[in-house]
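Below is one structure; the comments refer to it alone.
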Amino acid sequence: EVRAEVSKVLEELRVAGKIGSSLQAEVEIRASGAKHDLLASLGNDLRLVLICSKTTLVGVAAGEEGVTAAPSPHAKCPRCWHWREDVGVNAEHPELCGRCDANLHAEGEPRCHA
């Protein structure tokens, strides 16, 4: 249900020419109660489930729920295609995001659900 709502918002951005793909977007989900708890249980993997570069989950009162999205202001990693603020932080691998750098040259990214 939430993914369908996110997809609709992302499609509106795509049609408006603001993003080319869902990975170019940052999504904010305002949810309450059991829906919030379910989404929160996914932790950082929520962005992977929703196929976007960043998600922010905000707890709100019932009736204030919704989804918004905006184009990411960050650079795109050429390896994973995610738009992330940490692209280029490692001078030894300036083209990579921190996630890809960790996956290739360190212990890797912890993932639980996706």
| query | What are the residues in region 72-113 that are open to solvent by less than 50 Å² (accessible area, probe 1.4 Å), among the hydrophobic types (A, V, I, L, M, F, W, C), out of contact with any strand residue (DSSP E or B) (no Cβ under 8 Å at 6 or more places or on another chain) and part of a loop (DSSP other than H, G, I, E, B), if any? | reply | Cys80, Leu96
| query | Which of the residues spanning region 13-46 are of a type in the set (Asp, Glu) and farther than 18 Å from Trp83 by Cβ? | reply | Asp37
| said: Just to check your reading of the model, which residue among Ala75, Ala61, Ala91, Ala40 is modelled with pLDDT under 95 and either in contact with a helix residue (DSSP H, G or I) (Cβ under 8 Å, 6 or more places away or on another chain) or on the phi < 0 side of the Ramachandran plot (or both)? | reply: Ala91
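Looking at region 1-66, what helices (runs of 4 or more DSSP H) fall wholly within it and have at least 1 residues that are open to solvent by less than 70 Å² (accessible area, probe 1.4 Å) and of a type in the set (Gly, Ala, Ser)?
Hits in region 1-66: 2-15, 33-40.
The values are calculated or read from the model by the stated rules, or taken from the named source; none is laboratory data. Since we're looking at a predicted model, the values are computed, not measured. Reconstructed Cβ throughout: ideal geometry from the backbone, glycine too, with neighbour counts over all protein chains shown. Side chains included, ligands, DNA and RNA excluded: accessible areas come from the protein's heavy atoms. Shrake-Rupley method; radii C 1.70, N 1.55, O 1.52, S 1.80 Å.
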